[in-house]
Structure formats: structure tokens, C-alpha cells
Amino acid sequence: MNRVKLAVVGVGKLGSLHSRVISEISEAELVYVVDIIKERAEEVGSEYSAEPLLDYTRVKDVDGVVVATPTHSHYEIARHFLEKGINLLVEKPITSSSQEAEELLTLAEKKNVVLHVGHVERFNPAARRLFEIKEKPNFIRAQRLSPFTGRSLDINVVQDLMIHDLEIVLSLLREEPQLIHASGVRFATGKLDFATAILRFPSCVVEITASRIYDKKLRRLDAFFPSGLYVKLDFAQNTFARFRPTLYGIEEEWTRIVSKEPLRAQMERFIEAIKGRGERWDVTAVKALGWAEKISEIAERSS
């Protein structure tokens, strides 16, 4: 296959980053950028030598599309391209509901096209180190806290932030939760802006907290293993630490990881899948949205 021809629909902050990454990959060609704001489409199109469009239905003759619009529009846009047999990378959460997500996954399988979801944190170098550990953890604590930004206000904090760690946990454990406890608070948006959940899996207990009304940015995951290993990840700082108890105290090993930009790694995975050399469907991302809905439902009862 020649260079993979791509379009980006929605070129706000994240969509413009996708556009930049595509323009830097030699195997890809950014053909179109689409946005309902004409000036924004023209600005990004000019910067990355792509044709600006206001209407995504005018996109044609491409191998794949990145959808980076607000969540409530994902289903309609994604369905349009899947029905035309076009490969898709849809930003997380894939849709507003798990029912819509399942419908898109079924359609992608029917059309035999790629459907990836933009859970970029799984490509974080610290997360990759976690997945290299062969042993399953028996306790995980994840914290994803941010100051209020005013973005992603069409979804709650579980779908906005917690879903990143939920997807990582589901991918790591390859199990389904058996019991969920959750609580949350509405504060600034009318939706859950703070939430915490405890999930009991067959082999592991997981505690996840997410906030978009915190005073600083924190992205941390701690995992404990039956062998005595304890690892601490900082997604923001790209650090990975190992701790083991010894006869003389606790042995520590700290690593700061420098590697490929996660967004680029994600895009390269999408391109490889389009070329038939990678996983075609993000089933775990669809499952993560379903469990995010359950957590939201339980947490909203306490808010």
C-alpha cells in the first residue's frame, strides 16, 4: 500500500494534534481537515497542507478517518464512515452510550474495517512498562486529577478521565468486575465532576479516583503484586518505579522513560491496522465504556 490517506474530523485542540502527528509520519498523508468553524479548518489545513472542509460528508477517497469532535457527535459521524467501509480512529469515549458503541463495533466487524478508540494513555511509556510485567497485580490504586478546564462538558468525569484508567485495568487483568462501589459529586458542570470507585475483580481489587476540579494535575497508578513487587507509575512525568522488600529495608529502582510520543504511537498502530498488520477492533475500549456507565449510575445516586 502507498501512503495511507487520512482525514481528521474536528480540529480543535486534540484534532489539531492528530493533524500534526499525521503530517510527521512518512507512511501517512493528511488529505482533509474538517471543522464546523471555517477559520479553524482553514488554519489547520494551511498549516499541514490539507484541504479544509466544513462538512464531513464531503470527505472521499481516504483510507481512514480520525474523529475528534465532541462525544455526543461521535456515533453519527462514525456510523457514516463505517457504512462506507472507511477505517476509523474515534477519540474516547467512543460514543455517549455503550449501546451505541456496541452498534459501531458490530458494524465495523460486518464491514471488516478498523475501529480504534483514542485511549492514548495505553501508549504512555510508563503504562507499557506495566504491561511488560508477567504477573497479575492483586491491588491497584489509580488517581487521575485535573484542574477545571471547561472542556468535555458534554460528559461526566468518569467518561472524561476515569475511563483511561478503567481501560488500562481491563486490558491488564483481562477480567470483568464482580462488584462495584462508587460515589461522586456534582460541582461545576451539573454532571459528576469528582468520582471514586472500588471494583472487585476475581484476582484484584481496584480503587480509582477521578476529578476535574482539583487544584493541580495528577496522573498516578500504584500496583501491588502477590510476589511482593510494588510499582508506581506517573503518567504525566513518564516515571516508573519498582519497590521490593528485603532483609535490609525496601529496595527501590526509579526510571524516567524517554520514548516515542504516545499520540504518534497510537496513530502508527492505527496505520498498521489499516495495512492489515495489527489488531482491527478495540473491544476493551467498548467494554470500558459499559463499565463507566455502571460506575456513573452508582455514583450519581450518592451525588
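The values are calculated or read from the model by the stated rules, or taken from the named source; none is laboratory data. Bear in mind the structure is a predicted one, so any value in this text is a computation, not a measurement. So basically every Cβ, Gly included, is an ideal-geometry build from the backbone, and we count neighbours across all protein chains shown.
Annotations for the structure displayed:
- Matching option when the condition is in contact with a Lys or Arg (Cβ under 7 Å, 6 or more places away or on another chain) and either closer than 20 Å to Val283 by Cβ or of a type in the set (Gly, Ala, Ser) (or both), among Ala41, Ala78, Ala68, Ala28: Ala28
- Filtered by the rule that a residue be surrounded by fewer than 22 Cβ atoms within 10 Å (Cβ to Cβ) and either in contact with a strand residue (DSSP E or B) (Cβ under 6 Å, 6 or more places away or on another chain) or aliphatic (A, V, I, L, M) (or both), segment 173-182 gives Leu173, Pro177, Gln178, Leu179, Ile180, His181.
- For the residues Arg269, Arg264, Arg242, the requirement of being surrounded by 13 or more Cβ atoms within 10 Å (Cβ to Cβ), closer than 20 Å to Phe131 by Cβ, out of contact with any helix residue (DSSP H, G or I) (no Cβ under 7 Å at 6 or more places or on another chain) and in contact (Cβ under 8 Å) with a residue 40 or more places away in the chain singles out Arg269.
- Of the numbered criteria (1) surrounded by fewer than 24 Cβ atoms within 10 Å (Cβ to Cβ); (2) out of contact with any helix residue (DSSP H, G or I) (no Cβ under 7 Å at 6 or more places or on another chain); (3) of a type in the set (A, V, I, L, M, F, W, C), the one Val157 fails is (1).
- Meets criteria (within 17 Å of Ile36 (Cα to Cα), part of a loop (DSSP other than H, G, I, E, B), out of contact with any Leu (no Cβ under 8 Å at 6 or more places or on another chain) and of a type in the set (S, T, N, Q)) for Thr69: yes
- When Tyr56, Tyr75 are checked against the criterion of being over 19 Å from the mean Cα position of the chain (by Cα) and of a type in the set (Ser, Thr, Tyr), a single residue qualifies: Tyr56.
- Thr95 being outside the structural domain of Leu221 (by TED's automatic domain parsing), among the β-branched types (Val, Ile, Thr) and either at pLDDT below 95 or not in a loop (DSSP other than H, G, I, E, B) (or both): no
- Residue count for segment 132-164, restricted to those that are touching a Phe, Trp or Tyr at 6+ places or on another chain (Cβ under 8 Å) and outside any strand (DSSP E or B): 8
- Selection over segment 43-70 of residues that are buried (at least 20 other Cβ atoms within 10 Å of the Cβ), within 24 Å of Glu100 (Cα to Cα) and not acidic (Asp, Glu) gives a count of 8.
- Flag set for Ser26, criterion: more than 24 Å from Arg151 (Cα to Cα), hydroxyl-bearing (Ser, Thr, Tyr) and part of a loop (DSSP other than H, G, I, E, B).
- When residues of segment 1-21 are limited to those that are surrounded by 23 or more Cβ atoms within 10 Å (Cβ to Cβ) and more than 18 Å from the chain's Cα centre (by Cα), the one farthest from Ala265 (Cα to Cα): Ala7
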